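First comes the structure, then the notes that go with it.
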Amino acid sequence: MRASAVAQPNIALIKYWGKRDIVSNIPAVGSLSITLASLETRMTVEFEKGIESDSLSVNHEPAERLLPRVSRCLDDLLGPGRAPAVIESSCNFPIAAGLASSASSFAALVVAASQAAGLQADTLSLARSAGRASGSAARSLYGGFVELQASESEILVESILDADAWPMEVVVAINAKGEKPVSSGDAMNLSAKTSPFYSSWVEHQDQDLRVARAAVADRDFMTLAAISEHNCLKMHSLMWTSRPSVVYWNKATLACMETIRRLQNDGVPVFFTIDAGPQVKAVCLPAAAKQVRDALRETDGVLDTLQSSLGGGAHALDKP
Ligand code: DP6
């Protein structure tokens, strides 16, 4: 009744922003992401009949506040009659700061819990369960380039290209530490209700996905770079035009974008993407990674940098 799993965060190039159905957490739009290799969440789940309720620790500290969402995910996966669980999670990167820690956490959780409970579930069912907890988590079940399609009632997720079929590096500029003021879920619900641009965003997403999908198939870096930056800026414009507005950027976010523009003007194959936090993710071809990381390290306001290649998606670990 005990099992462990590891999962990596994923970075969306074509973003999920908005829900078709808030209760079942079905995204209003499809998305396309890359799964990282060296940032990770490790999760151990043990079901114990003798205890009264679930418990959760994150990086060896009790995490009561996060527990209800985790317990709901276990109920969704195994049914409310399941035994209570002791859940231990550890993360080797900052959590709740726009680095997709909820994606790697819920992906690791469903893999560890299904294994601990002896549930025979295929990857898509696990992805759907993780996605009901956090939309982006569904993508972390898969490696490399991953596409999530959203229909009326269900999601479909698949890897469209393996991690080693088109190697890339992601350099993350950490521009603030600490938790974000508004969760991405709350912020996207606000955008859907109040941004005058929301319907246009939903309407054009399939077009952006088509361009990105074809760029991945053709290994066309420049096209992928252009559509990814465009899609990211559209998502942030929804946040800014929400009422009240949501702005996750800080000065260093803009400084990093300028650094990346300068590198691009010098012919370096790199592009930026930014999620619900001030961190900037610079996606580049491997030969450019050192130059990109050095340039971001020297950018005003950048506190730290992380780097990762692309990885293979969530999986169970041998019994501890
Ligand atoms: C900006 O998956 O965190 O990272 O489903 O409410 O948990 P919930 O939202 P979440 O949103 C991720 C938003 C994003 C873009 C993306 O990853 O596609």
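Here, each number is a calculation from the coordinates, and none is a lab measurement. The shown structure was predicted, so the numbers you read here are calculated from the model rather than taken from an experiment. Every residue, glycine among them, receives a Cβ derived from its backbone with ideal geometry; neighbour counts consider all protein chains shown.
Here are the numbers for this structure:
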read-out	value
In nm, spacing of pseudo-spin labels at residue 38 and residue 60 (7 Å Cα→C-beta vector)	2.3
Residue-by-residue Karplus 3J(HN,Hα) for the range 227-242, coefficients 6.51, -1.76, 1.60, Hz, glycine and proline x	6, 5, 5, 4, 5, 4, 5, 5, 4, 5, 5, 5, 5, 5, 9, 6
Amide H contacts under 5 Å for residue 174, placed H, 5+ residues apart	303, 304, 305, 306
Sites matching chymotrypsin sites (Phe, Trp or Tyr not before Pro) across the range 230-273 that sit in DSSP coil, with at most 14 neighbouring C-beta atoms within 10 Å	none
Whether the range 165-320 is rounded, prolate or oblate, judged on the alpha carbon gyration tensor where a/c under 1.5 counts as rounded	rounded
Placed amide H near residue 56: partners under 5 Å, 5+ positions off or other chain	63, 87
Positive-end residue, the chain charge dipole about Cα centroid, Cβ charges, pick of 284, 182, 7	182
Sites residue 240 and residue 49, calculated FRET efficiency, Cβ-Cβ separation with R0 51 Å, nearest 0.05	0.50
Mean Cβ count within 10 Å, highest first, over the residues of peptides 252-262, 36-46	36-46, 252-262
DSSP beta bridges in the chain [antiparallel fraction, %, rounded to 5]	95
³J(HN,Hα) computed for each position of the range 64-69 - Karplus, 6.51 cos²θ - 1.76 cosθ + 1.60, integer Hz, glycine/proline x	3, 4, 8, 4, x, 5
In order through the range 34-48: 3J(HN,Hα) via Karplus (6.51 cos²θ - 1.76 cosθ + 1.60), integer Hz, x for Gly, Pro	10, 8, 7, 9, 9, 8, 7, 10, 10, 9, 10, 10, 10, 8, 10
FRET efficiency, 1/(1 + (r/R0)^6) with R0 41 Å, evaluated for residue 86 and residue 247 via beta carbons	0.60
Lysines with Cα under 25 Å of residue 281, excluding same-chain neighbours fewer than 8 positions away	15, 19, 177, 180, 234, 251, 290
Built amide H within the under 5 Å cut-off of residue 26, gap 5+	20, 21
Order by protection proxy (mean Cβ within 10 Å, highest first), peptides 56-64, 71-79, 179-187	71-79, 179-187, 56-64
More than 36 angstrom apart: percent of Cα pairs within the chain	14
Segments 190-202, 107-119 sorted - mean Cβ within 10 Å per residue, highest first	107-119, 190-202
Charge dipole of the range 2-162 about the Cα centre (unit charges at C-beta), most positive-ward option of 51, 35, 112	35
Top positive-direction residue, dipole computed over the chain with Cβ charges, set 307, 200, 242	242
Dipole in debye (nearest 20) - the range 2-162, about Cα centre, beta carbon charges: Lys, Arg +1; Asp, Glu -1	240
Pairwise FRET efficiency - residue 125 versus residue 203, Cβ, R0 = 25 Å, nearest 0.05	0.25
Rounded if a/c under 1.5, otherwise prolate or oblate - the range 175-225, Cα gyration tensor axes	oblate
Cα pair count fraction exceeding 22 Å, expressed as % - the range 72-179	39
Rounded to 10°, Cα long-axis angle of helix 198-218 versus longest principal axis of the chain	80
